[in-house]
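Have a look at the structure below, then the notes.
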Amino acid sequence: MYDEREQSPEHGPLAGFTVGVTAARRADELGALLRRRGAAVLHAPALRIVPLSDDSELLAATKEIIERAPDIAVATTAIGFRGWVEAADGWGLGEDLLERLRGVRILARGPKVKGAIRAAGLTEEWSPASESMAEVLDRLLEEGVDGLRVAVQLHGEPLPGFVESLRAGGAEVVGVPVYRWLPPEDIGPVDRMIDALVARTLDAVTFTSAPAAASLLSRAEERGLLDDLLAALGHDVLPACVGPVTALPLQARGVDTVQPERFRLGPLVQLLCRELPSRARTLPVAGHRVEIRGHAVLVDGGLRPVPPAGMSLLRALSRKPGWVVSRAELLRALPGSGRDEHAVETAMARLRTALGAPKLIQTVVKRGYRLALDPAADTKYDAAV
């Protein structure tokens, strides 16, 4: 298991990796957590949140609840619950709404929602330890909802089967739409994110909401890049989701994701701190320990940033450790290099300088280059081949 404490104090566990952030809300917080651990961050909000404080639909739902109280209210997000109360205040209905909810059984999805409920002067009846809407649904159905009126604070993300299951159980469901997700006003950053994913210049991409994942996939499909994006997420770029609901759009496309046990930003970052280093290629080369990361290399624990062309060459060499790789093959690995093999020599010289240990890569006259794999390891790799 990866342990941050074992890392050199000069760099964090995510040094040398580039992580994409698709979040619209709390993106600064997530980006700061990643950078604090050494990662380079590419941010492209895949959607925007539009509050419905002046929306007729939310006003109508609020009046309906005040006029006829529900038996149960389900609060799903802290920002959504606070927004609802603030909107009601703006309409002069805040006190009426809170008075109505004081006589209602309130279920909260998690601790942040509980905090918002209590800040409004209310008290929740129950909240699941898992912070899962599935557990909320199971509890309601086990207790029975036949003939009950249930208000559900909708929060923009799909609640697969939640409302349908309550209605199938005999409940009357009142939806409270507090805010909506819309595509970003500037689609440029999303396109750059998709291009980076397809080019494999990102090592991981994070998702904190299902609509963000769906929006990214939809935009890739519009550009004719969906298959390329799915291939990248399936093999080379690690998709990390904050929880199972967030992962649904990706899973529907056959993409496996990683998720922390606790659906929070901190555990999500900790998960990346374990997963990304464990995926890095580590080789014993010329008496050194070389770990190949996304845009940098650890040589005996020291971080060495490497230009993109150099990383392309190093990855091509590492796929055949100890074996000679021809200049022609290395030229094909260089993005946009054309047909001049001199580009390989130039990039190789810069790579050796960046690594700070020229003997890591040997020149084999008239044949190409090879990683100077240590003799003991060379035997192991020969046997494996």
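Just checking, which of ALA309, ALA286 is in contact with a Pro (Cβ under 9 Å, 6 or more places away or on another chain), touching a residue at least 24 places away in the same chain (Cβ under 8 Å) and small (Gly, Ala, Ser)? Break it down stepwise before answering.
Working: ALA286 fails: in contact with a Pro (Cβ under 9 Å, 6 or more places away or on another chain).
Residue meeting the stated conditions: ALA309.
Take the residues in the range 179-214 that are among the charged types (D, E, K, R) and open to solvent by less than 60 Å² (accessible area, probe 1.4 Å), then tell me which one is nearest to the chain's Cα centre (by Cα). Talk me through it step by step, then tell me what you get.
Taking the range 179-214 first, the residues among the charged types (D, E, K, R) are 180, 185-186, 191-192, 195, 200, 203.
Checking which are open to solvent by less than 60 Å² (accessible area, probe 1.4 Å) leaves us with 191, 203.
Working: ASP191: 17, ASP203: 11 Å.
Restricting to residues being among the charged types (D, E, K, R) and open to solvent by less than 60 Å² (accessible area, probe 1.4 Å), the top hit is ASP203.
Condition first: more than 22 Å from GLY16 (Cα to Cα) and either surrounded by fewer than 19 Cβ atoms within 10 Å (Cβ to Cβ) or among the acidic types (Asp, Glu) (or both). Now tell me which residues in the range 261-274 satisfy that. So that I can check it myself, show each step before the final result.
Of the range 261-274, the ones more than 22 Å from GLY16 (Cα to Cα) are 261-264.
Hits for the range 261-274 are GLU261, ARG262, ARG264.
Could you name every one of the strands (runs of 3 or more DSSP E) located completely within the range 239-341 that has at least 1 residues being in contact with a Lys or Arg (Cβ under 8 Å, 6 or more places away or on another chain)? Give the steps one after another, and end with the answer.
Numbers: elements: 281-285, 288-292, 296-299, 302-305.
Filter on the range 239-341 gives 281-285, 288-292, 296-299.
Only residues that are of a type in the set (D, E, K, R) and under 21 Å from VAL205 (Cα atoms): list them for the range 264-290, please. Explain how you work it out, then say what you get.
Taking the range 264-290 first, the residues of a type in the set (D, E, K, R) are 264, 274-275, 279, 281, 289.
If the condition is that a residue be of a type in the set (D, E, K, R) and under 21 Å from VAL205 (Cα atoms), then ARG264, ARG274, GLU275, ARG279, ARG281 are the ones that fit.
Report yes if some residue within the range 136-144 is crowded, with 18+ Cβ neighbours inside 10 Å, outside any helix (DSSP H, G or I) and in contact (Cβ under 8 Å) with a residue 40 or more places away in the chain; otherwise report no. Before you say what the answer is, go through the steps one by one.
Keep residues of the range 136-144 that are crowded, with 18+ Cβ neighbours inside 10 Å, which gives 136-137, 140.
When the remaining residues are screened for being outside any helix (DSSP H, G or I), the result is none.
Checked the range 136-144: no residue is crowded, with 18+ Cβ neighbours inside 10 Å, outside any helix (DSSP H, G or I) and in contact (Cβ under 8 Å) with a residue 40 or more places away in the chain.
Quick one: which residue in ARG352, ARG339, ARG332 is charged (D, E, K, R) and either under 22 Å from GLU291 (Cα atoms) or open to solvent by less than 20 Å² (accessible area, probe 1.4 Å) (or both)?
When all the criteria are applied, what remains is ARG352.
Consider the range 165-189. How many of its residues are assigned to a strand (DSSP E or B), among the aliphatic types (A, V, I, L, M) and free of Cβ contacts under 8 Å to residues at least 40 places away in the same chain?
Residues of the range 165-189 that are assigned to a strand (DSSP E or B), as a first pass: 172-177, 179-182.
Right, trim to among the aliphatic types (A, V, I, L, M) and you get 173-174, 176, 182.
Checking which are free of Cβ contacts under 8 Å to residues at least 40 places away in the same chain leaves us with 173.
Summing the residues that are assigned to a strand (DSSP E or B), among the aliphatic types (A, V, I, L, M) and free of Cβ contacts under 8 Å to residues at least 40 places away in the same chain in the range 165-189 gives 1.
So which residues in the range 322-336 are modelled with pLDDT of 90 or more and either under 16 Å from ARG350 (Cβ atoms) or in contact with a Ser or Thr (Cβ under 7 Å, 6 or more places away or on another chain) (or both)?
Matches in the range 322-336: ARG327, LEU330, LEU331.
Looking at the range 51-68, which of its residues are open to solvent by less than 40 Å² (accessible area, probe 1.4 Å) and in contact (Cβ under 8 Å) with a residue 40 or more places away in the chain?
LEU52, ASP55, LEU58, ALA61, THR62, ILE65
Would you check if ARG192 is in a helix (DSSP H, G or I) and over 29 Å from GLU64 (Cα atoms)?
Details: in a helix (DSSP H, G or I): yes; over 29 Å from GLU64 (Cα atoms): yes.
Yes; evaluated as a whole, the condition is true for this residue.
The values are calculated or read from the model by the stated rules, or taken from the named source; none is laboratory data. Nothing here was measured: the structure is a model prediction, and the numbers come from that model. Heads up, the Cβs are rebuilt from the backbone with ideal geometry, glycines too, and the neighbour counts pull from every protein chain shown. When the accessible area is computed, the model is the full protein with side chains, heavy atoms only, and any ligands, DNA or RNA have been set aside. Shrake-Rupley method; radii C 1.70, N 1.55, O 1.52, S 1.80 Å.
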